[in-house]
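Each remark here refers to the structure printed beneath this line.
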Amino acid sequence: MSAVAAGPREPSLDVHASPADAAEAWDDAEAAGGAPFLAQVWAVARKDLLLEARSRERLLSMGTFAVLVAIVFSFAVDPAVRARSIAGAMIWVTVLFAGTLGLGRSFALEREAEALTGVLLAPVDRGALFLGKWLANMAIVLAVEALVFPVFALFFNLAFQGSLPALAAVVVLATVGFMALGTLFGAIAAHTRLGETLLPILLLPLLAPVVIFACAATQRLLVGRPVSDVVSQLKMLGAFDLVFLFVCTAVFGAVLEE
Amino acid sequence: METTTASPPAGYVPSGVGSSSDSLAGTRRWAVVLGLLAVATVLAGLYMVFFYAPTEATMGIVQRIFYVHVPSAWTAFMAFGVVALCSAGYLWLRDPRLDAIAVSAAELGVVFTTIVLLTGPLWGKIAWGAWWVWEPRLTLTLLLWFIYVGYFMVRGATENPERGKRFAAIVGVVGAVDMPLIHMSVQWWRSQHPQAVILRPEGAQADPAIVQTVLVWVLGFTLLFFSLLLFRYAMERLSQRAHALRVAH
């Protein structure tokens, strides 16, 4: 049903994201009703990821936008400035903007044509619904981040070798918190008149802890500091993730009521 | 959380509508009493600022702005605490009175946060030589102001006002959980940089007369906050009743 709600789109794309595909995804989701919590989470995430895999609209728009922001940074930053000394900031600003752009679409499909009513009728726990949406958003934003880092490395001649596992840990932990708040406030913004305009206003002040520690850890790894130097940042990011995930899951039910 | 219909069950009237028993007269009486006490305390505070507290040695006359600045900051953060508690209560119990307290406290929070953000730079320009410094407390207060802005934007942006109240309550709760994390982060963030030449406000608290004056102002502003809160709460309740009557007819 969600694919029907996707609105007018080019027929060539629609061949892939047919209503039947979405219905198939939903059959799985409904079969999961009464199923264990994790199966419900996975059913919701699978539905979103299947839709995204067929349409690719969020990945394409976020990825293109992120590369363009990288190009804008190339123009904007004074060549005399050593890019390496500010790359952490540039990368995370790009990820935040691109991620916010994509989050705006996360609930747009459900909201159009009141498809959310159908989702709510499925026997899925509200917490599972939130975690499923969160998981799908995580996967999509991680894919965009997997593009952003190499693009910045290419454009600004950065070297990540040697610190890749630590960098991956920073990226994943920061994205967990980002998407926990992002999924909650994406759902809220989608239900307001202001829509996607409201999302960054709600999200950016609350994301300050994630941004501070993600930027600092990325920057340290970029300038070649040892992994032991970012362990404390990783721990802080992990703690923020737990808090945000718990709180956002707990209050999510109140977003969906009519 | 199970879905409950947001519209109250049939026969349920938002408390107070149409009944004369739930009068707001008592609320207003307390508001007036607290208001008079606040005015008296602030007048005493003003006297102390100009005739009792000595001029601070290193910062000079500009230090006296602290008597407005510090109590405003205290009140702003207290208001946010009230918003958070009442928002959490509203999400749980769906009592319109809790929402009325939350929105009243949030409005006052914006006012007092704005006072903090306006008086701070006036002092900072002279004491630090800059209107703005990314010092942890300033950063935290600025982000607090933006969270309040989000609270009101989301509240007014929904077709269904009940939904706007719930969304605002979520912003209040998540914001309150986030505030300590933001506080921790900005402290850590600033400790990474060499400290600017800062005249620490703690240094100003050596003289007992100064401490006493600040405390009188904190009391005055706290009384003022609760007085205005009650006035605004009574108004919000009337507005809720007017809305309920409009919907009923």
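The figures follow:
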item	result
B:I65 being assigned to a helix (DSSP H, G or I), surrounded by 20 or more Cβ atoms within 10 Å (Cβ to Cβ), more than 14 Å from chain A (Cβ to nearest Cβ) and among the aliphatic types (A, V, I, L, M)	no
Residue tally, condition at pLDDT below 50 and either farther than 25 Å from B:I101 by Cβ or aliphatic (A, V, I, L, M) (or both), over segment B:4-58	5
So A:F97, is it part of a helix (DSSP H, G or I), closer than 25 Å to A:F185 by Cα and aromatic (F, W, Y)	yes
Sole residue being part of a helix (DSSP H, G or I), within 19 Å of B:C86 (Cβ to Cβ), in contact with a Leu (Cβ under 9 Å, 6 or more places away or on another chain) and modelled with pLDDT of 90 or more, chosen from B:L144, B:L230	B:L230
Unique match (being in contact with a Lys or Arg (Cβ under 6 Å, 6 or more places away or on another chain) and assigned to a helix (DSSP H, G or I)) among B:S104, B:S87	B:S104
Residue in segment A:96-106 that is of a type in the set (G, A, S), over 27 Å from A:V247 (Cβ atoms) and surrounded by fewer than 22 Cβ atoms within 10 Å (Cβ to Cβ) present	no
Some residue of segment A:172-179 being touching a Phe, Trp or Tyr at 6+ places or on another chain (Cβ under 7 Å) and buried (at least 23 other Cβ atoms within 10 Å of the Cβ)	yes
Scan of segment A:107-119 for residues that are within 22 Å of the chain's Cα centre (by Cα) and in a helix (DSSP H, G or I), ordered by number	A:A108, A:L109, A:E110, A:R111, A:E112, A:A115, A:L116, A:V119
Segment B:147-163, subset surrounded by fewer than 21 Cβ atoms within 10 Å (Cβ to Cβ) and either within 20 Å of the chain's Cα centre (by Cα) or on the phi > 0 side of the Ramachandran plot (or both), residue farthest from the other protein chains (Cβ to nearest Cβ)	B:F152
Yes/no for A:A89 being within 14 Å of another protein chain (Cβ to nearest Cβ) and either under 21 Å from A:C248 (Cβ atoms) or crowded, with 24+ Cβ neighbours inside 10 Å (or both)	no
Given (1) within 20 Å of A:L101 (Cβ to Cβ); (2) surrounded by 24 or more Cβ atoms within 10 Å (Cβ to Cβ), index of the condition A:F213 fails	(1)
Residue that is farthest from the other protein chains (Cβ to nearest Cβ), among those in segment B:90-99 that are assigned to a helix (DSSP H, G or I) and touching a residue at least 60 places away in the same chain (Cβ under 8 Å)	B:R97
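Conditions tested, residue by residue: (1) out of contact with any strand residue (DSSP E or B) (no Cβ under 8 Å at 6 or more places or on another chain); (2) at negative phi; (3) at pLDDT 90 or above.
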{"site": "A:L173", "(1), (2), (3)": "yes, yes, yes"}
{"site": "A:G195", "(1), (2), (3)": "yes, no, no"}
{"site": "A:G224", "(1), (2), (3)": "yes, no, no"}
{"site": "A:V227", "(1), (2), (3)": "yes, yes, no"}
{"site": "A:V230", "(1), (2), (3)": "yes, yes, no"}
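The values are calculated or read from the model by the stated rules, or taken from the named source; none is laboratory data. Nothing here was measured: the structure is a model prediction, and the numbers come from that model. Note that each Cβ is placed from the backbone with ideal geometry, even for glycine, and that neighbours are counted across all protein chains shown.
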